[in-house]
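Okay, structure first, notes after.
Laboratory data are not the source of any read-out in this text; all were calculated from the coordinates shown. Keep in mind the model is a prediction, meaning the values are calculated, not measured. Cβ placement follows ideal geometry from the backbone for every residue including glycine, while neighbour counts extend to all protein chains displayed.
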Amino acid sequence: MDKPEVKRLLINYKTLEEFQKFKEYGLEELSMLEDLQANIIEDDSNSPFYGIYYGDKLVARMSLYQINAKYDRYFDPPQDYLELWKLEVLPDYRHRGYGTALVEYAKSFGQPIKTNARQQSGEFWLKMGFKPVKYNPVRDRGESPYIWLPEGVKERELKEEDLEL
Ligand code: COA
């Protein structure tokens, strides 16, 4: 099987139409739509979304946000990291390595990654080399964060300040 090609998605009406097939269609997409309608974002500008096409159909996607070191409460030493969201492969296209290809792409930036594992996806994240963090009710607030550590980076130890609101 050829290695699936990961592409950075453009913000335009075609991409937004493709997004409607994904379960995790929500506020982010709606605000992109509003921005497009109001011409605040330039049509065809780059988005935080990456995806894989099968022919001309978008079949897998994720979003990646760069988080500044000053907000880092997951890693030691504190540093810029990536937040991975909305990883989703359309049901008919699962188990072909597309999920892995997107995660590998995110890792290729060489920065630590944090994601929020949805129910029953923990096993997938473990296979991807991620690990669950020690839960902090104040920081994590009902999320189930999993992290990936590049060499030389550790999980941040819980500190008292992390437990303050
Ligand atoms: N639970 C446990 N393991 C899973 C899994 C799941 N739901 N889905 C796939 N795997 C395993 C595969 O068996 C494979 O392991 P193997 O290489 O040992 O056979 C490995 O994970 C990679 O599979 P891959 O084909 O790359 O994954 P995929 O393209 O099917 O995508 C998901 C996996 C989880 C992204 C996809 O099932 C999905 O979109 N699910 C719904 C949304 C979701 O749960 N997203 C998770 C992030 S919040």
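Okay, here's what the table says:
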| item | result |
| --- | --- |
| Distance (nanometres) between label positions extended 7 Å along Cα→Cβ at ASP140 and ILE41 | 3.0 |
| Cα-based helix-to-principal-axis angle, 27-37 vs the chain, degrees rounded to 10 | 40 |
| Point-to-point label distance, ARG94-GLN79, nm (Cα→Cβ direction, 7 Å offset) | 3.3 |
| Stretchable slack from LYS70 to LEU163, in nm (0.36 nm times residue separation minus alpha-carbon distance) | 31.8 nm |
| Amide proton proximity set for LYS86, modelled H, under 5 Å, gap of 5+ | SER63 |
| Pairs beyond 21 Å (Cα-Cα), from LYS86/LYS107; LYS57/LYS107; LYS70/LYS114; LYS3/LYS131; LYS3/LYS107; LYS134/LYS159 | LYS57/LYS107; LYS3/LYS131 |
| LEU126/GLU17 FRET efficiency (R0 30 Å; Cβ-Cβ; nearest 0.05) | 0.30 |
| Chymotrypsin sites (Phe, Trp or Tyr not before Pro) restricted to segment 67-140 and DSSP loop, no more than 16 other C-beta within 10 Å | PHE109, TYR135 |
| Projected area averaged over orientations for the chain, convex hull of C-alpha atoms, nm² | 10.8 |
| Modelled FRET efficiency - R0 41 Å, ASP56 with GLN119, Cβ distances, 0.05 increments | 0.80 |
